[in-house]
Each structure stands twice: as structure tokens, then as C-alpha cells.
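The values are calculated or read from the model by the stated rules, or taken from the named source; none is laboratory data. The structure presented is a predicted model; accordingly, all values stated were derived computationally and were not measured. Cβ: placed from backbone, ideal geometry, glycine included. Neighbour counts: every protein chain shown. To get the accessible areas, we keep the full protein, side chains included, count just its heavy atoms, and leave off ligands, DNA and RNA. Shrake-Rupley method; radii C 1.70, N 1.55, O 1.52, S 1.80 Å.
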Amino acid sequence: MEIKPFLVEEWMNQYEVGARYNIAETCVDSVSLDELFQLTGEDKEAFLSSLCARRLTYGDIFGQPAFLEGICRLYRDLRPEQVIPTHGAAGANHHLFCSLVEPGDKVISVLPTYQQLYSIPDSLGAQVELLPLSPDNGFLPDLARLEELAQEGVKLICLNNPNNPTGALMSQEMLEEIVSIARRHGAYILCDEVYRHLTQEDGYCPSIVDLYEKGISVSSMSKVFSLAGIRLGWIASRDPEVLERCLIHRDYDLISCGLLDETVAALALKHGDKLLARNRGIVRENLSILDNWVRREPHVTYVKPQAGTTALVYYDLDIPSYDFCKEMYHATGAFVTPGDCFQQERCVRVGYACDRQTLVDGLEAMSAFLAQKAKS
Ligand SMILES: Cc1ncc(COP(=O)(O)O)c(C=O)c1O
């Protein structure tokens, strides 16, 4: 199967490890198991001795009940059998496309977004139409344009809410309008929701499966719960055909997710409110640091994110984004992601949910680099 290189992942793979100030990362400051035990107040010794006593079988093929129940609590009214555990959200998106999309199907995806949402259907032979998101519109989709693209049939509409890289958040009202368009055309909606709950304001953030019978939510433990190392994600849907097709494929490419990982995830989700309180605190404090920096820094502008962990920051220098990022990385150790990884020019993606000091130092290094480039 031919597939285009995944630009953002290639970029991260190449530079992430050596970065002095990693302000490209999109997870909320990842935690160790020790920190997880501190945060949750659970008994580490009891947990470990019960885990170590378990025989390492395939475990629960459809997912550990406590893990599935923890996931269900993240939605309004979902049952465990409507959740399919996968290897991260990356595995979930891939699995969903391979299960649902046939050559010739029309798939609409927003752009910019995580490249899986358009490059995988493209590689499967789908006819992919891109729905551009523009800073002039707060990076929210133009629904008249979506309606036009949906004419003559569409199988699947791909959204990402909150959006990576822009941090835009579609409201329930906007999601409902998109649902009406999808319903008129009998289309599924896949919403990649790995940043859902990471909002700047309190309150429930609706999922597409709360709003649409043909909605498909993809999410994971990586961003919201700071546990990318356990590589666990899921597909959630109320649609029987989606669930059936995904389960058929799952026997071929996954069988089950690891029981060690699922046990850790179940523990984290049992205390989901505590992790969420920590992580909302981080994204809120850090966004205010980023926002103050953008206001002070003469060479940059942005649309302030409403949610998630990332922002697209535009600079006023005449230099392509890959060159900008490489030069800055080598000169200062500050590591951000080129906008060109998302088909966006003259901008970079900043991941602001890292630890506070790294963000402060990274932005300072970026200011020094911008000042020096503007002079030369
Ligand atoms: C929008 C989006 N979807 C999916 C993923 C993959 O996440 P996971 O670690 O759960 O595989 C990412 C990771 O950056 C992402 O930003």
C-alpha cells in the first residue's frame, strides 16, 4: 500500500530527542508511574504485586471491563460494547479507515489537521476532498463549502475537535450543523477527539457520538491523560455497522491490546477527574504564558487557541517554515514544528502543554532567534 510520508511524525522523529527546549510536543506534560500513583493516591505496592502475579495472556480480547467503563464515563451515554480499544489514537484512525473506506468512496477532511485523516483514505483509493480552515475564520470550517463538497454523495467526513495544530474548538451548535449536513447525505462523521476536555473553560465538551448516530469518536490516553507511553486509544460509536466492521478487522491486525497497558489505563481513568484537573491547570496557565509572549513579540501573530495543546504561530520573516525551524533548532535548541508539515506556510506549530520552564525558555530562545534573523 503506497502512502505519503507522515510529515509531522517524520519531523518529530528526526529532531525531538536532541531538543533543548521541546515546545513541539503535543501531550500534556507526560507523567511517570510514580507521579500517577502520587496523583491518584492509589497503593503502588498493592497495584504492582497484583499486576506482577498476572499471567501474561492476551487478556480481555475486547478490552478490560474497568478500562472500557472508564472510557464510557468520558461520554454522555455510551456502553462498553460501543468502545473498541486500539493502539493509540494513531492505531484507532488507521483501523477505522481500513475497516470502513473502499476505493472510490468520497471522504472529506478538514485541513490543517493530523495527516492521518486525509493521507490514509487517499492511500486506500478514496476520493479525498479537503475543506480548508483559515485563520480569517478562526480556523473554523465554512459550512456552505462543506455542503458543496458533500453534494453527489460522501461516505465519511473527518473532523478534529479541538484541532491540532490550530487549537480551534467547534461548539456544540456548529457540530450539530455539520451533523445535519452529514445526515442529509447519509455520511459518517469521524471526529478525532484526542484533545477533547483540554478546554480553557470549565464544562462538558460534547463528543460527536453524543450528537450523531453515525458519529465515530477517536481518542486516547496520550494527550488528555499524559500517558502516551501506554499506547492505548479507542474508537467509540453507536453505529452497529461501524462496530462490526472494526471488530472483524481487529482480529486480523490487533487481537487485543496489552493487559499491562490496560491495567494502567483503567487506574488512570478511575481518577480521570484528578488527571484532568492537573492537565487543565497546565494548558490554562501555559496558554496565558504563550499569549503574553505573542502580544509582546513584534514578529509573530496568531489566532488564540480555544482548546487543545497547540497553536499555529505566524512569523513575518521571508523564510520557509522548515528552514526557520531547522535554523532555530541548531542555533538555540528551541524545537517547534514547521507549518509546512500541515500545508501551512510562514508559520510554526507551538505545543504549549510542556512543563512551564521549558515553555518560558523555549519562547525566549525563539524571540532571540527572531530578533537576530530580522536584523540579518
Ligand atoms: C489529532 C491527533 N490524533 C491522533 C494522534 C495520535 O495519538 P496517539 O498517541 O494516541 O496515537 C495525535 C498525536 O499527536 C494527534 O495530534
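Some points to look at:
- Computed from phi, the 3J(HN,Hα) profile of the stretch 17-26 under the Karplus parametrisation 6.51, -1.76, 1.60 (θ = phi - 60°) reads 4, x, 6, 7, 10, 7, 10, 10, 4, 10 Hz, with x in place of Gly and Pro.
- Ranked order, R76, R55 - accessible area, probe 1.4 Å, largest first: R55, R76
- Karplus (6.51, -1.76, 1.60) ³J(HN,Hα), θ = phi - 60°, over the stretch 275-290, in Hz, Gly and Pro reported as x: 5, 5, 4, 4, 6, 5, x, 5, 5, 6, 5, 6, 5, 5, 5, 4
- Sequence-ordered 3J(HN,Hα) estimates for the stretch 145-153 from the Karplus curve with 6.51, -1.76 and 1.60 and θ = phi - 60° stand at 5, 4, 4, 4, 5, 7, 4, 6, x Hz, glycine and proline given as x.
- Within the shell defined by Cβ-Cβ distances under 12 Å, the residues around R76 carry a net charge of +1, with Lys and Arg each +1 and Asp and Glu each -1.
- Radius 12 Å from Cβ of K4, net charge of other residues (Lys, Arg +1; Asp, Glu -1): -4
- Solvent-accessible area per residue in the chain equals 42 Å², computed with a 1.4 angstrom probe and all protein chains kept.
- Each peptide among 362-373, 132-143 gets the average number of other Cβ atoms lying within 10 Å of its residues, and from highest to lowest they stand as 362-373, 132-143.
- Structure-based [θ]222 nm, the chain - -39500 (n - 2.57) summed over DSSP H runs of at least 4, per residue, nearest 500: -13500 deg cm²/dmol
- Across the stretch 246-265, the residues whose backbone nitrogen lies under 14 Å from the label position 7 Å along the beta-carbon direction of I61 are 247-257.
- Protection proxy ranking, peptides 90-96, 346-352, average beta carbon neighbours within 10 Å, highest first: 346-352, 90-96
- Scattering from the stretch 69-122 was approximated by placing one identical point on each alpha carbon and applying the Debye formula without solvent; log10 I(q)/I(0) at 0.23, 0.28 1/Å stands at -0.95, -1.07.
- Element breakdown for the stretch 288-373 at a 1.4 angstrom probe: carbon and sulfur atoms account for 46% of the accessible area.
- For K375, the lysines whose Cα comes closer than 25 Å to its Cα, not counting residues fewer than 8 places off in the same chain, are K326.
- Counted over the stretch 95-254, the DSSP beta bridges are approximately 20% antiparallel.
- For the chain, the convex hull spanned by the alpha carbon atoms encloses 135 Å³ per residue.
- Packing-based ranking of 214-225, 280-291, 303-314 yields 214-225, 303-314, 280-291, ordered from highest to lowest mean Cβ neighbour count within 10 Å.
- Accessible surface of the stretch 1-104 [probe 1.4 Å, protein heavy atoms]: carbon and sulfur percent: 52 percent
- Simple label model, 7 Å out from Cα along Cβ direction - Q172 to R54, nm: 3.6 nm
- The stretch 207-276 gives an Rg/Rh value of 1.01, both radii derived from C-alpha positions and Rh following Kirkwood.
- Cα gyration tensor, the stretch 124-283 - rounded (a/c under 1.5), prolate or oblate: oblate
- Working note: Debye formula, equal point scatterers on the alpha-carbon atoms of the stretch 123-218, no solvent; log10 I(q)/I(0) at q = 0.15, 0.23, 0.26 Å⁻¹ is -0.58, -1.35, -1.62.
- Near L133: Cβ cut-off under 12 Å, other residues only, Lys/Arg at +1 and Asp/Glu at -1. The net charge is -1.
- Cα pair count fraction exceeding 11 Å, expressed as % - the stretch 1-46: 77 percent
- Here K223 is the anchor, and the lysines within straight C-alpha reach of less than 17 Å, apart from those fewer than 8 places off in the same chain, are K270, K274.
- Counted over the chain, the DSSP beta bridges are approximately 50% antiparallel.
- Partner aspartates and glutamates whose Cα lies under 18 Å from the Cα of K44, excluding those fewer than 8 positions away in the same chain, are identified as D34, E35, D261, E262.
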